[in-house]
1. Please get the size of the charge dipole for the chain, origin at its Cα centre, with Cβ charges of +1 on Lys and Arg and -1 on Asp and Glu, quoted in debye to the nearest 20.
2. Within the range 1-88, which trypsin sites (Lys or Arg not before Pro) sit in a loop by DSSP and count at most 15 neighbouring Cβ atoms inside 10 Å?
3. Percent relative contact order of the range 1-148, based on C-alpha pairs within less than 8 angstrom and at least six residues apart?
4. Using helices alone, what [θ] at 222 nm do you get for the chain, with -39,500 (n - 2.57) per DSSP H run of 4 or more residues, divided over all residues and rounded to the nearest 500?
5. Work out the FRET efficiency for LYS84 and ILE14 from their Cβ-Cβ distance, taking R0 = 25 Å, and round it to the nearest 0.05.
6. How much of ASP27 can a 1.4 Å solvent probe reach, expressed as accessible area in Å² and rounded to 10?
7. Please build a GNM for the chain, connecting alpha carbons under 10 Å apart, and tell me which residue among LEU26, LEU90, LEU76 fluctuates the most.
8. Among LEU28, LEU146, LEU86, pick out the residue whose Cα is farthest towards the positive end of the charge dipole of the chain, where Lys and Arg carry +1 and Asp and Glu carry -1 on C-beta, about the Cα centre.
Amino acid sequence: MLYYYLIALVIIVIDQFTKWLIVQNLDLREVIEIIPGFLNITSHRNSGAAWGVLEGRMWFFYLITLLVIVVLIYFLQRYGKNSKLLGISLALVLGGAIGNFIDRLLHQEVVDFVQTIWGHYYFPIFNVADASLTVGVILLIVYVFLDDRKTKGTKK
């Protein structure tokens with residue numbers, strides 16, 4: 001069980017360290033091209049969610065994030081020991097949620113810096129916490145799908 005909390009802690013440390021590096025070494029909106037036409041490091045701040053949704057509504061993010069953290073810890077404690085896939089997915093979401101929560105608490109905005117480009121589409125700039133949340137949710141969906149198939153197979 002401790003293993004899952006260590007995963008979350010590693011995500012938080014990597015997330016906060018990379019954000020610190022960006023703030024210390026790049027001016028706001030400064031861009032470093034890593035793979036031309038595909039990947040940039042771009043110093044960006046976001047006081048909302050993806051695409052700037054609910055920008056400036058910190059009270060909403062505080063409330064929702066605290067609720068999510070409590071629910072994630074509950075599910076980790078209750079069901080994490082039953083499945084590694086479930087435990088890892090919840091740990092990734094927990095680490096990502098706490099990583100961005102720290103930014104919102106300390107700075108009232110989130111530091112984003114990874115920018116991907118797909119043709120003429122510039123995907124929203126994100127960070128390690130966002131990537132962890134996304135991967136965690138995808139793994140959670142896989143877990144639910146596999147668990148549902150297992151349950152249906154057992155009923156037959």
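1. 1040
2. Passing both the DSSP loop test and the Cβ count: ARG29, ARG57.
3. That works out to 32 percent.
4. So the calculated ellipticity at 222 nm is -22000 deg cm²/dmol.
5. 0.75
6. Roughly 110 Å² of ASP27 is accessible to a 1.4 Å probe.
7. LEU26
8. So the residue furthest toward the plus end is LEU146.
The values are calculated or read from the model by the stated rules, or taken from the named source; none is laboratory data. Remember, predicted model here, so these are calculated numbers, not experimental data. With ideal geometry, Cβ positions are generated from the backbone for all residues, glycine too; neighbour counts draw on all protein chains shown. Quick note on the areas: whole protein, heavy atoms, side chains included, nothing else; ligands and nucleic acids left out. Shrake-Rupley method; radii C 1.70, N 1.55, O 1.52, S 1.80 Å.
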